[in-house]
Amino acid sequence: MTDLIIYYSRTNNTKLVAEGIAKKFDAKLLEVKDKQKRSGILGFVKGGYDSIREKDTEIEYEKVDLKDYDNIFIGTPVWASKPTPAILQFIKENEFSGTKCVTFATMMGSGGETTISVINNMIISQGGTVKDSFILAVKNKDIEELTNEALADLEL
Ligand SMILES: Cc1cc2nc3c(=O)[nH]c(=O)nc-3n(C[C@H](O)[C@H](O)[C@H](O)COP(=O)(O)O)c2cc1C
């Protein structure tokens, strides 16, 4: 069984979840980097603006063939109740047909459902299957513990 964990993270919450999944499934980690500056207050404001509009962005990542993996986990932070531009861009640029995916999002408290539904619909419209999804509200929480709880409930 070979699994792949694809994620974007601005402040490391989603990265911690991705690393927890990789540890549990002995999977490969693939970080998607956004070439657009997303740090600082301007980065925050533009990030929210770009997410709401599902705007294209330029991304950097190691190229892989998704067909080589049994399960593909895809994780994003919630930005203004939407997925991040970087993760949407990754889905747009890659071939998902025939893949089996698990999607996840981290957030402070709201917007996870819409975020997951946007990603799931995009994967499905490209011929992929979404086997399960989970949303983690990470505010004041132990992310490792939250991740392990979510993975225990996962249906693969
Ligand atoms: C531009 C921006 C918009 C955000 N919008 C939301 C939101 O709508 N709902 C929410 O609960 N959290 C929101 N957050 C908080 C992040 O989703 C949360 O902190 C997430 O865990 C960050 O993940 P990361 O550390 O991997 O970047 C937002 C953060 C940013 C930077």
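The values are calculated or read from the model by the stated rules, or taken from the named source; none is laboratory data. Quantities reported herein were computed from a predicted structural model and do not represent experimental measurements. Cβ placement follows ideal geometry from the backbone for every residue including glycine, while neighbour counts extend to all protein chains displayed.
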Test set (1) outside any loop (DSSP other than H, G, I, E, B); (2) surrounded by 20 or more Cβ atoms within 10 Å (Cβ to Cβ) - Arg38 fails condition number: (1)
Residue that is modelled with pLDDT of 95 or more and more than 10 Å from the ligand (Cβ to nearest atom), where the choices are Lys55, Lys82: Lys55
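Do we have Leu16 as over 19 Å from Asn121 (Cβ atoms) and either in contact with a Phe, Trp or Tyr (Cβ under 8 Å, 6 or more places away or on another chain) or not in a helix (DSSP H, G or I) (or both) here?
So Leu16 fails the test.
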Residues satisfying the stated conditions in segment 20-42, i.e. within 13 Å of the ligand (Cβ to nearest atom) and either in contact with an Asp or Glu (Cβ under 8 Å, 6 or more places away or on another chain) or touching a residue at least 12 places away in the same chain (Cβ under 8 Å) (or both): Gly20, Glu31, Val32, Lys33, Asp34, Gln36, Arg38, Ser39
Condition broken by Ile74, with the remaining ones in (1) within 14 Å of the ligand (Cβ to nearest atom); (2) more than 16 Å from Glu54 (Cβ to Cβ) satisfied: (2)
Those residues of segment 118-131 which are in a loop (DSSP other than H, G, I, E, B) and surrounded by fewer than 18 Cβ atoms within 10 Å (Cβ to Cβ), in sequence order: Gln126, Gly127
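A quick yes/no check of all residues on (1) within 10 Å of the ligand (Cβ to nearest atom); (2) more than 22 Å from Ala27 (Cβ to Cβ); (3) in contact (Cβ under 8 Å) with a residue 24 or more places away in the chain:
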| residue | (1), (2), (3) |
| --- | --- |
| Glu95 | no, no, yes |
| Ser117 | no, yes, no |
| Ile135 | yes, no, yes |
| Val138 | yes, no, yes |
| Leu146 | no, no, yes |
| Ala152 | no, no, no |
Residue within segment 132-146 that is touching an Asp or Glu at 6+ places or on another chain (Cβ under 8 Å), within 23 Å of Lys23 (Cα to Cα) and part of a loop (DSSP other than H, G, I, E, B) present: no
Among (1) more than 12 Å from the ligand (Cβ to nearest atom); (2) surrounded by fewer than 21 Cβ atoms within 10 Å (Cβ to Cβ), the one test that Ile6 misses: (2)
